[in-house]
Amino acid sequence: MTRVEVFDPPLCCSTGVCGPEVDPELPRFAGDLAWLSRSGVEVIRFNLAQQPEAFAGNPVVLDAMKSGDDVLPLLLVDGKISCRGRYPSRRELASWTGVDPSSGAGEALLPSLPPVADPDPEGGSRGRG
């Protein structure tokens, strides 16, 4: 099984898709990683702010980071650096892992959530109606 490890720069949470100013690349990339995982690829993601030991314990990552933090995000496929300093496209991920890029093409990038029920369907206190 192919293994993809993502070493993210310090993020507020495991995906970085929280807070008032979300980098649009982060939700796209999170969806692409979910797609890889559904395709049978082992995906592991590390956040420098929350898991510094994962960075310190990986000689490939330590060596890459000697040139500075601008190498993050760093993506390893089967222990070898495939991408540094940016989040790769789905097509690149597919190429590096041997996954058919058209598999799951009709799927949403992120799972859909059910709609939230309106707590006040009559609109009383919100001035509707």
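Which ones in region 61-86 are of a type in the set (V, I, T) and without any contact (Cβ under 8 Å) to a residue 40 or more places away in the chain?
Step one: of region 61-86, the residues of a type in the set (V, I, T) are 61, 71, 77, 81.
If the condition is that a residue be of a type in the set (V, I, T) and without any contact (Cβ under 8 Å) to a residue 40 or more places away in the chain, then V71, I81 are the ones that fit.
Answer yes or no as to whether D78 is charged (D, E, K, R), within 23 Å of T2 (Cα to Cα), surrounded by 13 or more Cβ atoms within 10 Å (Cβ to Cβ) and in contact with a strand residue (DSSP E or B) (Cβ under 8 Å, 6 or more places away or on another chain). Yes.
Listed here are the residues, each with its yes/no results for (1) under 19 Å from L26 (Cβ atoms); (2) modelled with pLDDT of 95 or more.
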| site | (1), (2) |
| --- | --- |
| P52 | no, no |
| G68 | no, no |
| P88 | yes, yes |
| L93 | yes, yes |
| S102 | no, no |
| A108 | yes, no |
| G123 | no, no |
| G127 | no, no |
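Within region 1-26, restricting attention to residues that are among the acidic types (D, E) and in a loop (DSSP other than H, G, I, E, B), the residue that is modelled with the highest pLDDT is D23. Of all residues being in contact with a helix residue (DSSP H, G or I) (Cβ under 9 Å, 6 or more places away or on another chain) and surrounded by 14 or more Cβ atoms within 10 Å (Cβ to Cβ) in region 59-75, which is nearest to R3 (Cα to Cα)? Just the residue, please. The selected residue is L75.
Condition check ((1) under 20 Å from S103 (Cβ atoms); (2) of a type in the set (D, E, K, R); (3) in contact with a Leu (Cβ under 7 Å, 6 or more places away or on another chain); (4) in a helix (DSSP H, G or I)) across all residues:
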position: V43; (1), (2), (3), (4): yes, no, yes, no
position: A49; (1), (2), (3), (4): no, no, yes, no
position: E53; (1), (2), (3), (4): no, yes, no, yes
position: V60; (1), (2), (3), (4): no, no, yes, yes
position: D63; (1), (2), (3), (4): no, yes, no, yes
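The values are calculated or read from the model by the stated rules, or taken from the named source; none is laboratory data. On a predicted model such as this, the values are computed, not experimentally measured, just so you know. Every residue, glycine as well, gets a Cβ built from its backbone with ideal geometry; the counts of neighbours run over all protein chains shown.
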